[in-house]
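Below: the structure, in structure tokens.
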Amino acid sequence: MVISVMPKYCSDQARDELWLMMGGGVTAGLAGGVPGVGAFNFQTSLTAVQAAVISRIAQVYDVDLLPAGGAGAIAAAIIAMGGGQLLFRMGGMIATFVPGIGQIVQPIIGAFAVKAFGEVAIAYFEKMYPQKIYSPSKN
């Protein structure tokens, strides 16, 4: 008896994992709730999470970031594609100035900023490697 397994595309695998990575955005938002240094903590934490998102999505697509221009170059290209990221960051900074609201709003903003960034990253890799089949043995 032969069991046929449907192939899974890299874009689908990346989206499945992106939901888990949104937890990093929530954590960045919680770090942003610290009075006085909240906006700096939020931006720094969110940038670190986004670097991890790029790295993991590149792994899903089996792309070595160094020959591809490095994570910084890829991040710049992805950020250029997704200008809406600025709105999330501005919303996060504004939320830190309103006492109490920032602690509630920033984790939500962080999660959705990671989701938006990840979707743009997936679109970037999908444009380079359309309909690539995910191979879990390589990752």
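Things to note:
- Residues in the range 117-127 that are touching a residue at least 60 places away in the same chain (Cβ under 8 Å) and surrounded by fewer than 21 Cβ atoms within 10 Å (Cβ to Cβ) were compared, and the one that is farthest from D62 (Cα to Cα) is E119.
- Members of the range 44-61 that are closer than 21 Å to P107 by Cα and either surrounded by 18 or more Cβ atoms within 10 Å (Cβ to Cβ) or modelled with pLDDT under 80 (or both): T44, S45, L46, T47, V49, Q50, V53, I54
- Flag if G83 is modelled with pLDDT under 80, loosely packed, with under 14 Cβ neighbours inside 10 Å, not aliphatic (A, V, I, L, M) and not in a helix (DSSP H, G or I): yes
- The C-beta contact set for the range 105-116 (first residue within 17 Å of I54 (Cβ to Cβ), second residue outside any helix (DSSP H, G or I) and small (G, A, S), distance under 8 angstrom, 6+ apart or interchain) comprises G110/G32; A116/G82; A116/G84.
The values are calculated or read from the model by the stated rules, or taken from the named source; none is laboratory data. What you are looking at is a predicted structure, and each value in this text was computed from that prediction instead of being measured. In this analysis, Cβ positions are derived from the backbone assuming ideal geometry, glycine residues included, and neighbour counts consider all displayed protein chains.
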